[in-house]
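Read through the structure below, which is laid out as structure tokens, and then see the notes.
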Amino acid sequence: MIEHKPDRFDRRLKVITLVFGLAVLVLWARLWDLQIVQGHKFRSQAQHNRIRLIPIKAPRGTIFDSRGNILADNRPSFCVSINPDELERGGSSEHLQVLGEILNMAQVEIAKKLAKCKGPFDEMVVADGVDLKQVTLLEEHQLELPGVDTRVQPRRHYTNGRIAAHLIGYLGEINHEELRKLRLLGYKLGDVVGKTGIEKVCDEFLRGTDGGKQLEVNAHGEVVSILGYKRPCSGNNVVLTIDSSIQGIVEDALGHRAGTIIVMDVHNGQILAWASHPSFDPNDFVFGISYQDWQSLLDDSSLPLTNRAIQGRYPPGSIFKIVTAIAALQEGVIGPNDLLDCSGTYQVGEKIYRCWKPAGHGQLNIEQAIVHSCDVFFYQLGQRVGVHNLASAARECGLGRPTGVNLPGEEPGLIPTSRWKIERLGERWYGGDTINMSIGQGYLLVTPLQVVNLFSAMANGGILYRPQLISCIVSPEGKTIESIKPQVVGRISLSATTLEILRRALWGAVNEAGTGWRARVPSLGISGKTGTAQNPRGQDHAWFGAYAPDEDPRIAMVVFLEHGGHGGPIAAPIAGRIFREIFEEILSNEH
């Protein structure tokens, strides 16, 4: 019989006790980690397995024209969202394959969208505008697609497609830069925001407050009960100054030409119509535009995304002769009856400058020079006035600086000076630069919106209004939240004599066989000025600015045709047609 020594037994017992103790300690530490350290996380996950939060997107506010016609509203649309946390627990690769086949999407595309989710319970919309057949297939594969949810939510719809698209704008998913700036205002990942136009500048009014449902679900993801519900609140409505009837007339008259036409109320600066061509369809952006389609828009040489009314910078051509005349008359450089001679050419040093009429106009006073748009007359006048006074008068007339219209991306244009040329080009100012500037050529650049504002001021006695696009903001219940008032941003210094000369000249340019005679409408006193801007990169640009009726002006207009040719034969008849149709529309409504 073998006896065990007590010390050997004691050592074994101590080892067993130590191992057991360590196991208990490890178990206790693990329980501490699970229950105390990570307890909140697992409680949340357990709660999330039982309770699901379903966000309900709020409808975006409606955009109306001044007559109550809908320009942008919402339509119901099926979308598919994914909770990555639930999908991962169920085996994401196989599920992504099934989901991709149903939605006709590549797995990598879905995965890229899911990668934007930061929190454990974030959801990401991976497909929008899903058709009913796809929704049915998703429902049939519900058990194979944990964390995948199909729901109906409002999506933007633009009633008139390309019409006034640059003005209304379009929507897109919020990017990281926008989210960084807007997070404190309640914006979050996946939100849709205004990218351009009214959609952008009024985004805070148009966006509503999202709601949601708290659902209790079973292990199969089936809804057991609704635990809570928060009703989404619609965004506010925006009423524009645009008149759809006038907008339609303008769009039809512009046709497929590249350019812009703007119609303004001379008494308050309200924009009644705003067309810029080529255009785009904002409905193409509603469900997210593809990279190929977006790149196609960017690469299009016709620049369909450019809002030519405020982003196009062009020489004004002979329209600038109004500014040269104002500077000369206000500075006392010329009187109403003083005559200058036009022989068809004007020589400065060794350089000869020509008039558009080779035979010349003979002797003219300033009113006649505007009527017939005599180049040689304004060459002489510009030299007498000088570049400093020309630039000063141009700025006072609202040219070469932003109008302040409530749209993103407005360009200021350019009013050159001798100092500007030295600083920018390293060259001194020559007499020929002044001659070119006096007829709206050279380095001078303006936007069409600045030009229509100038003609509005000619009509109302010299007042420059901030161009107004928004009439008021209205709650979903119909209560006016904010009403936008006209805002005066400047006044042109015009004596009564200067104003009378200019008005007679602008009337004569259309009604006395002047360069704008093709805009004439019997019984409607249209006053206007043509412009042909030389373009070193192609055909000349055509301008026509005007207001009507002459005795009691109501609206001002600019017609600008990019590479359109001459203002007189091309732009003026378009303006005449629009004036005639607008006043027929107005008179028919008033009676």
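Taking the stretch 453-487, which residues are in contact with a Phe, Trp or Tyr (Cβ under 9 Å, 6 or more places away or on another chain) and closer than 19 Å to Thr530 by Cβ?
Asn453, Phe455, Ser456, Ala457, Met458, Ala459
Quick one: which residue in Leu22, Leu34 is among the aliphatic types (A, V, I, L, M) and either in a loop (DSSP other than H, G, I, E, B) or at pLDDT 65 or above (or both)?
Of the residues listed, the single one that is among the aliphatic types (A, V, I, L, M) and either in a loop (DSSP other than H, G, I, E, B) or at pLDDT 65 or above (or both) is Leu22.
For the list (1) touching a strand residue (DSSP E or B) at 6+ places or on another chain (Cβ under 7 Å); (2) at pLDDT below 70; (3) surrounded by 19 or more Cβ atoms within 10 Å (Cβ to Cβ), I need the number of the one condition that Ala127 fails.
The single condition Ala127 does not satisfy is (2).
Please pick out the residue among Gly409, Gly514, Gly490 that is over 25 Å from the mean Cα position of the chain (by Cα) and either closer than 18 Å to Ala327 by Cα or not polar (S, T, N, Q) (or both).
After ruling out the rest, the residue left standing is Gly514.
For Ser523, state whether it is among the hydroxyl-bearing types (Ser, Thr, Tyr) and surrounded by fewer than 20 Cβ atoms within 10 Å (Cβ to Cβ).
Taking the combined requirement at face value, the residue satisfies it.
Within the stretch 358-383, count every residue that is surrounded by fewer than 16 Cβ atoms within 10 Å (Cβ to Cβ) and under 45 Å from the mean Cα position of the chain (by Cα).
Of the residues in the stretch 358-383, 1 are surrounded by fewer than 16 Cβ atoms within 10 Å (Cβ to Cβ) and under 45 Å from the mean Cα position of the chain (by Cα).
From the list Ser279, Ser301, which residue is part of a loop (DSSP other than H, G, I, E, B) and at pLDDT below 95?
That would be Ser301, the only listed residue that is part of a loop (DSSP other than H, G, I, E, B) and at pLDDT below 95.
Among Asp284, Asp252, which is the only one that is assigned to a helix (DSSP H, G or I) and under 17 Å from the mean Cα position of the chain (by Cα)?
Asp284
For the subset of the stretch 296-331 comprising residues that are in contact (Cβ under 8 Å) with a residue 12 or more places away in the chain and closer than 12 Å to Phe280 by Cα, which member is surrounded by the most Cβ atoms within 10 Å (Cβ to Cβ)?
Across the stretch 296-331, the extreme among qualifying residues is Asn307.
Just one of Gly525, Gly514 is free of Cβ contacts under 8 Å to residues at least 60 places away in the same chain, in contact with a helix residue (DSSP H, G or I) (Cβ under 7 Å, 6 or more places away or on another chain) and on the phi < 0 side of the Ramachandran plot; which is it?
Gly525
Based on this model, can you work out whether Glu204 counts as touching a strand residue (DSSP E or B) at 6+ places or on another chain (Cβ under 6 Å), among the acidic types (Asp, Glu) and not assigned by TED's automatic domain parsing to the domain that holds Glu584?
Judged against the criteria, Glu204 is not a match.
The values are calculated or read from the model by the stated rules, or taken from the named source; none is laboratory data. Model, not experiment: these values are computed from the prediction. Ideal geometry is used to build each Cβ from the backbone, glycine not excepted, and the neighbour counts take in all protein chains shown.
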